[in-house]
Structures are given as structure tokens and as C-alpha cells.
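**Student:** Once you've had a glance at the structure underneath, I'll fire off some questions.
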Amino acid sequence: MSSNWSALYARLVRSVNRHSRMMAFSELFPAEHPPSGFRDPARMLDWLHGRCGDRDARNAVLSRLLGYASGRAHTDLAVELLILALWPGLSVIRRRLLPFRETAVLEADLLAQVTVTIRQAHPSRIISVAATLLRNVERDLRRAYRKEVPGLTRAELATELTLRVATPDDAEAILKAAQAEFGADGVLVVAVHVAGFSQKDAGARLGLSHDAARKRCQRLLVRLKKENP
């Protein structure tokens, strides 16, 4: 973890532990009402980040925070607490997106995007708070970064593959095997059938029309079926 990323976390921790925020925190989570009662933010975050405990109970606490974050009372505190609660997941997203941005820029983008995502969320429509918020943050950042990249880079495709296979080494092995077997069209096939890009999106980013990308994919699938009856 970079020193800057750690410093951002420490800054948020200091913010939620200010005296005025501690008083507001006691209103969000009254100690006389467990399991949502916590003495201070640190105890709540330790509980949320722990592997033990009831998953539904943790989600209920996150839902409560999200409700405050999108409301009027204690909004800023609830947003900061949610960001801290999501920090382990944000750190994973940060690692996945490092190939596309300088570290400092990416970290600023992440904090800005998660803040916007939290503030614009509709709590009544969200069942699994952490999973939904993290998924939306990563999706929106990826979309934004893709618009700025003229082509489908190997780094981007490798990162997309890493989301679906065990390790980056597996992603690189898939790319090498596809290119060795199918040449340039191997990247297209992997992008569509493994990484999950649409034929239209992958084709456009590889300089192909939708129709050309579709035909190439079909041709390679026919070839595979003939070679592996």
C-alpha cells in the first residue's frame, strides 16, 4: 500500500474521531441498542472489517449508514464512515486499476467516485450495500478510463481477465495462448468470450466495425468447433 493511500485513510480516521463527529456518532449508533451500538468509530470499523460475525448484521449497519449518507442529518460523517468501511474493497479496486492511471491520480479518482456513488445511491433499492457500491465505483471508473483510451490495450485486457481468473499470470497465459493460436484475432476472441466485452465495444476499441468483429468471432468459433468436434 502506498504511503499516500495510507495517509488518506489516516486522514479520514482523524476526521471521524473529532469531538463533534464523536457526538454525532453516538446519535447514529446509540450504545443502548445493540448490535448497532458502538462506543466509537474504531470499534465499529473493527467489527465491520472482521471476518467473524453475522453478514446480515454487518449489511444492516452499512444500510443504516447509507441511509444517513443520502439524508440530511450527519451526512458527511456517514459518508466518511462508509468510505472507511469500504476501504479494503477500495484497495482491491485501486490495485486493479493501477495500470491505467498514475497512483496519486487514481487514488484521488477513487475517493471522488466513491463519494459520488454513496451520495447518489438509493438505499431502498440496494440489498447488498458493500458489493453494490464497490461494483458501481469500479464500473464507473473503468468506463471513464476507457473513453480516454483510443484502443483496447493489453494492460486493460489483462486487468479485465484478472477479474475472472485466479491471477495476473493466468491472464497473461490466456493472452499468449490466444495470440499464438489465432494471431491478432486472438485478442478479439479473448476480449469478447473471456473478458466479457460486447462484440461492438471490443471491435470499436480494436479499430473494427461491429459487423467485422461479429464475423471474425463467428469464423473463429466455427474453426474451433471443426477442430474440436
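The values are calculated or read from the model by the stated rules, or taken from the named source; none is laboratory data. Remember, it's a predicted structure, so these values are computed and weren't measured experimentally. When we count neighbours, we look across all protein chains shown, and the Cβ atoms used for this are built from the backbone with ideal geometry, even at glycine. For accessibility, only protein heavy atoms count, side chains too; no ligands or nucleic acids. Shrake-Rupley method; radii C 1.70, N 1.55, O 1.52, S 1.80 Å.
**Student:** Quick one: what pairs do we get from segment 169-185, first residue of a type outside the set (D, E, K, R), second not in a helix (DSSP H, G or I), C-beta under 6 Å, 6+ apart or different chains?
**Tutor:** If the second residue must be not in a helix (DSSP H, G or I), the pairs left are Ala171/Val165.
**Student:** If you don't mind, another one. Looking only at residues that are more than 22 Å from the chain's Cα centre (by Cα) and farther than 26 Å from Arg18 by Cβ in segment 42-66, which one is surrounded by the most Cβ atoms within 10 Å (Cβ to Cβ)?
**Tutor:** Ala57
**Student:** Do the conditions hold for Arg39, that is, is it modelled with pLDDT under 85, over 28 Å from Ser124 (Cβ atoms), within 21 Å of the chain's Cα centre (by Cα) and open to solvent by 20 Å² or more (accessible area, probe 1.4 Å)?
**Tutor:** Judged against the criteria, Arg39 is not a match.
**Student:** From the set of residues in segment 97-113 that are at pLDDT below 85 and surrounded by fewer than 17 Cβ atoms within 10 Å (Cβ to Cβ), which is farthest from the chain's Cα centre (by Cα)?
**Tutor:** Among them, the one singled out is Glu102.
**Student:** Moving on to the next point. Condition first: charged (D, E, K, R) and either in a loop (DSSP other than H, G, I, E, B) or under 14 Å from Asn4 (Cβ atoms) (or both). Now tell me which residues in segment 96-123 satisfy that.
**Tutor:** Taking segment 96-123 and keeping what is charged (D, E, K, R), we get 96, 101-102, 107, 109, 119.
Those that are charged (D, E, K, R) and either in a loop (DSSP other than H, G, I, E, B) or under 14 Å from Asn4 (Cβ atoms) (or both): Arg101, Glu102, Glu107, Asp109.
**Student:** From Ala24, Ala85, Ala78, Ala69, grab the single residue that is over 30 Å from Tyr145 (Cα atoms), touching a residue at least 12 places away in the same chain (Cβ under 8 Å) and either open to solvent by less than 70 Å² (accessible area, probe 1.4 Å) or in contact with a Gly (Cβ under 7 Å, 6 or more places away or on another chain) (or both).
**Tutor:** Selected residue: Ala24, the only one of Ala24, Ala85, Ala78, Ala69 that is over 30 Å from Tyr145 (Cα atoms), touching a residue at least 12 places away in the same chain (Cβ under 8 Å) and either open to solvent by less than 70 Å² (accessible area, probe 1.4 Å) or in contact with a Gly (Cβ under 7 Å, 6 or more places away or on another chain) (or both).
**Student:** Restricting to segment 172-227, what's the tally of residues that are hydrophobic (A, V, I, L, M, F, W, C), within 20 Å of Arg142 (Cα to Cα) and exposed (fewer than 13 other Cβ atoms within 10 Å of the Cβ)?
**Tutor:** Selection size over segment 172-227: 0.
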